[in-house]
Amino acid sequence: MDAVLQAKRNELMARWQEIYDLTGIAALLNWDQSTYMPVAGGAVRGRQLALLERLAHERRTDPAIGRLLDELQPYAESLPRDADDAAHLRVMRKIYERSTRIPAAFAAEFAEHTANSYMAWVAARPQNDFAAVRPYLQKTLEMSQQMAEFFPGYAHIADPLIDFADEGMTVAMIRPLFEELRLALAPLVATISQRPPVDDSFLRRNYPKAQQIAFGESVIRAFGYDFSRGRQDETHHPFMTKFAHDDVRITTRVDEHDLGSALFSTMHEAGHALYELGIDPAYASTALDTGASAGVHESQSRLWENIVGRSRRFWEHYYPALQAAFPAQLADVDVDAFHRAVNRVSPSLIRTEADEVTYNLHVIIRFGLELELLEGKLSIDDLPEAWHARYQENLGVAAPDDRDGVLQDVHWFGGPIGGSFQGYTLGNIMASQFYAAAVAAHPAIEDEIGAGRFTTLHTWLRDNIYRHGAKYTAQELLLRVTGQPLTLTPYLTYLRTKYNAIYGLL
Ligand code: ZN
């Protein structure tokens, strides 16, 4: 690369670092708002966050970025696709074009609308008042459809919205995959439902907070979460957040009468954090210093939480330590009973509390409703009833109201309708696919988990997935790492093997 080109590249990277830093500062303010901020700080905090978002948007859409990208395009095209610089330029161009296609006035109106919609939802949900949010939801739907129209040439109107979160995924790919999964899960759920219910009542004894946090932190430390580059704090709705390459934090919520809540959410968020912390340091503060997609990110949280953290082998090692932390509470519970309890399958109303088998049905219901709304086949007025009907049909449960029905999740009240749910199930599917590849490469991983050691698994994930950051799309990553496109087989094998053992279905 000649000196002129090098200077342009450096200018582009320096400009992008400012965008990265503004995003990190906003994340810090958000984290503070969700953890330690006094209530009265809220009003000005909203203004500060809006200012940062405006500054970041101005920088992302600065015509100078477009000019530099154009000038560097011949250089980008001269490189092999998997060269780092080719990826840097490809990802920055993607973000630049996405940001500039949505008119600034529309983006501002949508941000203001979703802020109002979120506040309306916060007030309406406890009151079970769908009518109060109905006009907001109607406008969200119309604006979501308009947003898709800024990206013409799509095959399905949801495709541009899905692309924001899961680049390259389309309705044409996801819909048949989800239908195949739904048809495979239905008989599993039906069979398990006929079995005697698993007793998990002991999980709701009194488990003091300090011991819960200490135990959870000992587990994620063993996973490889580096507390010199992160920390854990308490919040209402657990999340992972990143301020910089070496500052990736997680949060948890402790319920002293629910042992599983903090423990598994800690493992989940640590999985997200391991991904971010494992990105190649050479990508620090660049557009590649983030995960590949919502689905790939969720694959890592689910892998550590479920495939590792809810496995029989894991608890063979960790159960004695858990019993030592809670000797009175768990004295009469053996490891088998505990393992069954934390994997109890029970069709329920609430997505975030669902077990591994029924969880995807919650997602598939929402994904299907999003498509029908965007297609104009389902009206907002008919949405609450459609929700209840799908739950009855797919899970055999009926919510008594809209509070645990259509008002249950924040997504449609804090963002567009479309693209917000598929990543959860794509993540579950990918988690099994990645894990199967890891075990095929290193069969000792399973025994190591049984000995409380995770180095081989963590190293494999870092070398094959984490270090690449946003360099590859999910499909590219799957092909590179597993030799296969997205496929259901490892996931269905995982679920059937695991739940056949727990429920004695074989
Ligand atoms: Zn997650």
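Rounded to the nearest Å, what's the spacing between the alpha carbon centres of the stretch 429-506 and the stretch 314-331? Just the number, please.
27
Using a 1.4 Å probe, what is the accessible area per residue for the chain, in Å²?
On the way: 21330 Å² over 506 residues.
About 42 Å² of surface per residue is accessible.
In Å and from the alpha-carbon atoms only, list the Rg and Dmax of the stretch 210-347.
Radius of gyration, then largest Cα-Cα span, for the stretch 210-347: 15.7, 52 Å.
List residues of the stretch 76-111, by number, whose backbone nitrogen lies under 12 Å from a label position 7 Å along Cα→C-beta of Phe150.
Residues 96-111 fall inside that zone.
Give the value in nm², to one decimal: projected area of the alpha carbon convex hull of the stretch 303-432, averaged over all directions.
Working: hull surface 39.3 nm².
Convex hull of Cα atoms, orientation-averaged projection: 9.8 nm².
With the full set of protein chains in place, find how many percent of the accessible area of the stretch 16-77 is carbon and sulfur; take the probe as 1.4 Å.
Working: 2010 of 3480 Å².
Percent of accessible area from carbon and sulfur atoms in the stretch 16-77: 58.
On the principal axes of its Cα set, how long, how wide and how thick is the stretch 77-180? Give whole Å, largest value first.
58, 40, 24
Over every pair of different alpha-carbon atoms in the stretch 462-506, take the mean of 1/r and invert it; report that Kirkwood radius in Å.
On the way: mean 1/r = 0.0807 Å⁻¹.
Result for the stretch 462-506 stands at 12.4 Å.
Going down the table (Lys94/Lys377; Lys139/Lys471; Lys8/Lys242; Lys8/Lys94; Lys242/Lys471), which pairs top 25 Å between alpha carbons?
Values: Lys94/Lys377 31 Å; Lys139/Lys471 35 Å; Lys8/Lys242 28 Å; Lys8/Lys94 18 Å; Lys242/Lys471 18 Å.
Result: Lys94/Lys377; Lys139/Lys471; Lys8/Lys242 exceed 25 Å.
Please state the relative contact order of the chain as a whole percent: Cα pairs under 8 Å, 6+ residues apart? Walk me through the numbers before you get to the answer.
On the way: 680 pairs, mean separation 101.6, N = 506.
RCO, the chain: 20 percent.
Between the DSSP loop rule and a limit of at most 10 other Cβ atoms within 10 Å, which chymotrypsin sites (Phe, Trp or Tyr not before Pro) in the stretch 193-239 are left?
On the way: sites: Phe202, Phe215, Phe223, Tyr225, Phe227, Phe239; in loops: Tyr225, Phe227, Phe239.
In loop regions of the stretch 193-239 (DSSP not H, G, I, E or B), the sparsely surrounded chymotrypsin sites (Phe, Trp or Tyr not before Pro) are Phe227.
Per Stokes-Einstein, at 25 °C and 0.890 mPa s, what whole-number D in µm² s⁻¹ belongs to the stretch 3-153, with the Kirkwood radius over Cα pairs as the hydrodynamic radius?
D = 135 µm²/s.
What number, rounded to the nearest 500 deg cm²/dmol, is the helix-based mean residue ellipticity at 222 nm of the chain, given -39500 (n - 2.57) per DSSP H run of at least four residues and division by all its residues?
Numbers: 22 runs with 325 residues, N = 506.
For the chain, the value works out to -21000 deg cm²/dmol.
Grab the other residues whose beta carbon is less than 15 angstrom from that of Asp200, score K and R as +1, D and E as -1, and report the net. If you can, show how the numbers build up before the last one.
Numbers: positive: Arg195, Arg204, Arg205, Arg310, Arg340, Arg344; negative: Asp199, Asp255, Asp258, Asp332, Asp334, Asp336, Glu353, Asp355, Glu356.
With Lys, Arg at +1 and Asp, Glu at -1, the net is -3.
Nothing charged except the Cβ atoms of Lys and Arg (+1) and of Asp and Glu (-1): what's the magnitude of the dipole of the chain about its Cα centre? Round to the nearest 20 debye. Write down the numbers at each step before the final one.
Numbers: 48 positive and 66 negative charges, 80 e Å.
Dipole size: approximately 380 debye.
Output needed for the stretch 171-503: three equivalent-ellipsoid semi-axes, defined as square roots of 5 times the C-alpha gyration tensor eigenvalues, in descending order, whole Å.
29, 26, 20
How high is the FRET efficiency from Glu58 to Asp401, r the C-beta distance, R0 56 Å, rounded to 0.05? Numbers along the way, then the final one.
Values: r = 44 Å, r/R0 = 0.78.
Computed FRET efficiency for Glu58 and Asp401: 0.80.
The values are calculated or read from the model by the stated rules, or taken from the named source; none is laboratory data. Please read these numbers as outputs of a predicted model, since none were measured by experiment. Ideal geometry is used to build each Cβ from the backbone, glycine not excepted, and the neighbour counts take in all protein chains shown. In case anyone asks, the SASA skips ligands and DNA or RNA and just uses the protein heavy atoms, side chains included. Shrake-Rupley method; radii C 1.70, N 1.55, O 1.52, S 1.80 Å.
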